[in-house]
Structures are given as structure tokens and as C-alpha cells.
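See structure below.
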Amino acid sequence: MTALILGLVIFLGVHSVRIVAEPWRTRMRARLGEGAWKGLYSLLSLLGFGLIVWGYGLARQQPVSLWAPMPWARHLASLLTLLAFVLLVAAYVPGNSIKARLHHPMILGVKLWALAHLLANHTLADLLLFGGFLLWAVLSFRAARQRDAAVGTRYPAGAAGPTVITVLVGCAAWAAFALWAHTAWIGVRPFG
């Protein structure tokens, strides 16, 4: 569990600097320069992510069960992850109505992804991993909305065309991941 916890601390810690220390972040970016700041941020993120993957894989070899698995939760998790994929895509497709309405769809997608996996899984490693990401997403969304309010950020209205593209690409990405990549990369079949 040590590698998983250390990975979560590093990865989520790096991604939480803007939540807890915005003035420090601004000073460090100015002092180091944009490129060096992004390089350090990326390096620490990759280190944390690598430790999360390795630590979670180790923890899955000797799972500590916390509650009985709920068979219905896997179906709900599939639906929630479908929505999470659409929200993730909405963060990148310009002019879509989803981003126009929700403002920070990627963070909301992380919330849904984490919640879905908390419902569908039942071990201590799952609670640490997905619970950690869910807590981070809640705090990150709150901080992002507060930043928007503080500076008066306005989001342009979305259009139907980009919204349809967002939903179609999100659904296709979800299908590819659910039907192939989740098993190939993680070793767990979501449907079976």
C-alpha cells in the first residue's frame, strides 16, 4: 500500500497546488519560468502516476475486502463511466454546450469515474485510489468555481454541432475502453 499512497500523495498533491496554494504557484511559475514549471509538474505527475499504477497492482494481489461487492453496482458504474467519458471529451471540444453549461466538465468526469469505481469495487486499495480521486475532484471543482467567480469568468454559449460531436466521441471512447482497453490494460472485464 505504501507505493499506492505515496503515488496518490505526489500525483494529487501536484494537482492540488492550485487548490491550496495559488499565490505560491503563481510565484513559482514566475520564478522558474513557464517551461520549467510545466516540466517539473509533468515529471512529478508521471512519477506519482507510475507509483499509483504499480502500488494499485501490488495491492490487488492481496486485496483487503471492506464490504461485500454489490452486483448491481457494476451496471451503474458502466452508466456513470459513460457519462464521465462524455464529460472528459467536453473539456476538449470547443463550442460544445456541455462545457458552456458545466464550466469544468473534466473535473466532473473525474468525480463520476471515481464514484462509479467506488460503487463497483470493495477493497481498501479501491477506497484509497478512487476515494482519493473523488475527494480531490470535489475540492478541485469547488476551487475552480471560486476562481471563476472571483475573476468573473464567463463561458460562451455552446452550439448543437460541437455538442453532438462531443457526445458521439465520448460514447465511442467509452465503448472502446469498456469493451477492449479496460481488460487489456487493467486486467478487469467491466462486462463479464
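The numbered conditions (1) over 16 Å from the mean Cα position of the chain (by Cα); (2) farther than 24 Å from Gly7 by Cα; (3) touching a residue at least 60 places away in the same chain (Cβ under 8 Å); (4) buried (at least 17 other Cβ atoms within 10 Å of the Cβ) are all true for Ala73 except (3).
Quick check: is even one residue across segment 57-64 touching a residue at least 60 places away in the same chain (Cβ under 8 Å), within 24 Å of Gly7 (Cβ to Cβ) and either loosely packed, with under 13 Cβ neighbours inside 10 Å or of a type in the set (A, V, I, L, M) (or both)? Working first, answer last.
Narrowing segment 57-64 to residues touching a residue at least 60 places away in the same chain (Cβ under 8 Å): 59-60, 63-64.
Those left that are additionally within 24 Å of Gly7 (Cβ to Cβ): 59-60, 63-64.
Imposing the further condition that a residue be either loosely packed, with under 13 Cβ neighbours inside 10 Å or of a type in the set (A, V, I, L, M) (or both) reduces the set to 59, 64.
Among the residues of segment 57-64, at least one is touching a residue at least 60 places away in the same chain (Cβ under 8 Å), within 24 Å of Gly7 (Cβ to Cβ) and either loosely packed, with under 13 Cβ neighbours inside 10 Å or of a type in the set (A, V, I, L, M) (or both), which makes the answer yes.
Listed here are the helices (runs of 4 or more DSSP H) enclosed by segment 24-113 that have at least 2 residues being outside the structural domain of Gly187 (by TED's automatic domain parsing): 34-61.
Counting only residues that are in contact (Cβ under 8 Å) with a residue 24 or more places away in the chain and either touching an Asp or Glu at 6+ places or on another chain (Cβ under 8 Å) or under 23 Å from His117 (Cβ atoms) (or both), segment 31-56 holds 11 of them.
Residue by residue through segment 124-180, note down the ones that are β-branched (Val, Ile, Thr), more than 20 Å from the chain's Cα centre (by Cα) and part of a helix (DSSP H, G or I).
Val151, Thr163, Val164, Ile165
For segment 76-111, a residue qualifies if it is of a type in the set (Phe, Trp, Tyr) and either in contact with a strand residue (DSSP E or B) (Cβ under 9 Å, 6 or more places away or on another chain) or free of Cβ contacts under 8 Å to residues at least 12 places away in the same chain (or both), and exactly one does: Tyr92.
The values are calculated or read from the model by the stated rules, or taken from the named source; none is laboratory data. In this text the structure is predicted, and so the values were computed from the model without any measurement. When we count neighbours, we look across all protein chains shown, and the Cβ atoms used for this are built from the backbone with ideal geometry, even at glycine.
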